[in-house]
1. Would you mind stating whether Arg128 is surrounded by fewer than 18 Cβ atoms within 10 Å (Cβ to Cβ), in contact with a Ser or Thr (Cβ under 8 Å, 6 or more places away or on another chain), of a type outside the set (S, T, N, Q) and within 29 Å of Gln38 (Cβ to Cβ)?
2. Can you name the number of the only condition in (1) touching a residue at least 24 places away in the same chain (Cβ under 8 Å); (2) under 21 Å from Ala140 (Cα atoms); (3) in contact with a Phe, Trp or Tyr (Cβ under 8 Å, 6 or more places away or on another chain) that Asp88 fails?
3. Please find, among Leu162, Leu77, the residue that is touching a residue at least 12 places away in the same chain (Cβ under 8 Å), under 26 Å from Tyr31 (Cα atoms) and either charged (D, E, K, R) or assigned to a strand (DSSP E or B) (or both).
4. Hey, can you tell me all the residues within the range 131-169 that are among the polar types (S, T, N, Q) and farther than 12 Å from Ala33 by Cα?
5. Can you name every residue in the range 45-74 that is surrounded by 14 or more Cβ atoms within 10 Å (Cβ to Cβ), of a type in the set (A, V, I, L, M) and assigned to a strand (DSSP E or B)?
6. Restricting to the range 80-94, name every residue that is part of a strand (DSSP E or B) and not hydroxyl-bearing (Ser, Thr, Tyr).
7. Would you mind stating whether Ala156 is within 22 Å of Gln51 (Cα to Cα) and under 17 Å from the mean Cα position of the chain (by Cα)?
Amino acid sequence: MASPQRNTSSEGRSRTTMTSRQQLTVRTAIYIAAAPEQVWKVLIDLAGYRQWHPSMELLGRSDGDDQPLREGSVLRLRTNRGTALELDFEVTVTEVLEGSTLAWQGGDPEVFFGRHTWTLTSEGEGTRVVNEETFTGAMAEAVFAEHRHTLETQYAAGDAALKSAAENPGT
């Protein structure tokens, strides 16, 4: 019942796994030739996503855009920007570990729920970023079966865009 692994390139990789009947995970990883502090700065600048992220943007924050990101912040996001699958949704930030972990979650736990985590670790002179989202709920398997490839492609594109923004600040 587990989904096969998928590798996207030597720079980044994508993997999909089914960890239980209704819990599915998309996981990508990429090496970024920038210090974790620089990658973190780009990752937590949610207002800046519109400039560099290919499919996601911040629409608003419960605690104001000028406040530091913190656990409990409610974010209104748009994903699949400019496509037929465009969707606005809210998530609650569940973890902010300076320079290493950003996590949020949202949805209806009984129907369709996502937990998204970015983990940054120092690797050589750069940063390894693991980008992972786990989906649960009654509709998770059906939605995942229909959109798995799109999700993997979008996560890998988001990773590549994060890499470019962190390695080339100010461009």
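1. Taking the combined requirement at face value, the residue satisfies it.
2. (3)
3. Details: Leu162 fails: either charged (D, E, K, R) or assigned to a strand (DSSP E or B) (or both).
On inspection, the qualifying residue turns out to be Leu77.
4. The initial filter retains those residues of the range 131-169 that are among the polar types (S, T, N, Q), namely 131, 134, 136, 150, 153-154, 164, 168.
Residues satisfying the conditions are Asn131, Thr134, Thr136, Thr150, Thr153, Gln154.
5. Answer for the range 45-74, where residues must be surrounded by 14 or more Cβ atoms within 10 Å (Cβ to Cβ), of a type in the set (A, V, I, L, M) and assigned to a strand (DSSP E or B): Met56, Leu58, Val74.
6. Leu87, Asp88, Phe89, Glu90, Val91, Val93
7. On the way: within 22 Å of Gln51 (Cα to Cα): yes; under 17 Å from the mean Cα position of the chain (by Cα): yes.
Yes; evaluated as a whole, the condition is true for this residue.
Residue-by-condition table, conditions (1) farther than 18 Å from Asp88 by Cα; (2) at pLDDT 95 or above; (3) out of contact with any Ser or Thr (no Cβ under 6 Å at 6 or more places or on another chain):
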{"position": "Ser100", "(1), (2), (3)": "yes, yes, yes"}
{"position": "Gly106", "(1), (2), (3)": "no, yes, yes"}
{"position": "Pro109", "(1), (2), (3)": "no, no, yes"}
{"position": "Phe112", "(1), (2), (3)": "no, no, yes"}
{"position": "Thr117", "(1), (2), (3)": "yes, yes, yes"}
{"position": "Ala138", "(1), (2), (3)": "yes, no, yes"}
{"position": "Glu141", "(1), (2), (3)": "yes, no, yes"}
{"position": "His149", "(1), (2), (3)": "yes, no, yes"}
{"position": "Glu152", "(1), (2), (3)": "yes, no, no"}
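The values are calculated or read from the model by the stated rules, or taken from the named source; none is laboratory data. If you're wondering where the values come from, they're calculated on a predicted model, not measured in any experiment. As a convention, Cβ positions derive from the backbone with ideal geometry for all residues, glycine included, and neighbour counts pool all protein chains shown.
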